[in-house]
Structures are given as structure tokens and as C-alpha cells.
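Below: the structure, in C-alpha cells.
The values are calculated or read from the model by the stated rules, or taken from the named source; none is laboratory data. Treat the numbers as computed from the prediction; the structure is a model and nothing was measured. Note that each Cβ is placed from the backbone with ideal geometry, even for glycine, and that neighbours are counted across all protein chains shown.
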């Protein structure tokens, strides 16, 4: 395990360089999207429509940030439960998505799709939304304004902390770390 500084969107090969258990500091552009936005994107793909954002090499953060207070870029921005996006994730991965940030476990189907598409799933620590918001330097509404906090936003982040859970080789940090405790 190691700490890595990575620019987003990912350059070719960046997702594959990340290994299960790595601590990552992301800097650059990421997008927000939760279940309602994922459902809408999946419907657009099924209808042969273009998505509102280019997913190639991109990272989606599963977050519905709270409104910003005066003088702040964004309100609290803690991760939401990733499994709520599982039904839509394989399709987005097949359209170039390379990384996701959330909390909790992913389904076997999603883990297989992560491996097939050389992507990565990372977690941000839940309960730290106000602290994570400090790592967001800009926020702009991009699509689906009618979804409120679930709209897609473009975030500029600087040293946004994550831990790699599922890597492009199919490794699962939750699984391997639990095994280390059961071997005692």
C-alpha cells in the first residue's frame, strides 16, 4: 500500500496504477452524480443519446452536497452509499468512466465491470463531509438542475483523499483487510 497523487480525469494507465489499499490524493476535475442522475444517464444511453458529460477517463463522486454557506464553494460533501448506483455502473464504465468515489461495498457485477474496464472504485470516509468540502476548490452545475442536490456538478478538487477498494485487477481491500484479521 502506498499514497499516490493522481490528476483527474485519469490519463491512460492511471487507473491501472492504483492498487487495492492505496491512499490516493486526487487533484483536478471530477463530477458528482447520485442515483437519480445515474438513472437518467442510463436512460440516455439506452435511447442512443449523448450524455451531458464526457465520461472518458473521468471520476464520479457519489455525493449530494448541501448548499454552500456565504463565502464557501460548497456545503458538506460526504459520500453516499455506492451500491445505490450498482444497476447503472457497468454501462457507464463501458462508456469510459474510470473511477468512482463513494462508501460501502459494490456488487459482484460492478467489481467484474471495474476489472473488465480497467477502472477503480475508491471510498471517501463517511461522516467527514465538512472536511472533504475543504478539498473542493470550485463547483458548477452541469446537468439535471431539476434534481436539486442530485444534479450533476463539476468539482475542482485539490488533494481530495480516497482509499482504493476495488482495483483494475479485481482485488478488494475490504476482503483482504478482513482476511488479515481472521488470520490471527
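Check off (1) within 19 Å of residue 33 (Cα to Cα); (2) in contact with a strand residue (DSSP E or B) (Cβ under 7 Å, 6 or more places away or on another chain); (3) at pLDDT 95 or above for residue 145 and give me the number that stays unchecked. Condition not satisfied by residue 145: (2). Applying the condition of being in contact with a strand residue (DSSP E or B) (Cβ under 9 Å, 6 or more places away or on another chain) and surrounded by fewer than 19 Cβ atoms within 10 Å (Cβ to Cβ) to the range 106-126 and asking which residue is modelled with the highest pLDDT yields 115. With respect to residue 46, determine if the residue is closer than 15 Å to residue 114 by Cβ and surrounded by fewer than 16 Cβ atoms within 10 Å (Cβ to Cβ). No; evaluated as a whole, the condition is false for this residue.
Looking only at the range 127-145, count every residue that is in a loop (DSSP other than H, G, I, E, B), surrounded by 13 or more Cβ atoms within 10 Å (Cβ to Cβ) and touching a residue at least 40 places away in the same chain (Cβ under 8 Å) and tell me the total. Number of matching residues: 2.
With respect to the conditions (1) under 23 Å from residue 5 (Cβ atoms); (2) touching a helix residue (DSSP H, G or I) at 6+ places or on another chain (Cβ under 6 Å); (3) assigned to a helix (DSSP H, G or I), residue 102 falls short on a single one, namely (3).
Please indicate, with yes or no, whether at least one residue in the range 146-154 is under 16 Å from residue 97 (Cα atoms), crowded, with 19+ Cβ neighbours inside 10 Å and touching a residue at least 24 places away in the same chain (Cβ under 8 Å).
Within the range 146-154, the subset under 16 Å from residue 97 (Cα atoms) is 152-154.
Add one more test, that the residue is crowded, with 19+ Cβ neighbours inside 10 Å, and what stays is 152-153.
From what is left, the residues that are touching a residue at least 24 places away in the same chain (Cβ under 8 Å) are 152-153.
Yes.
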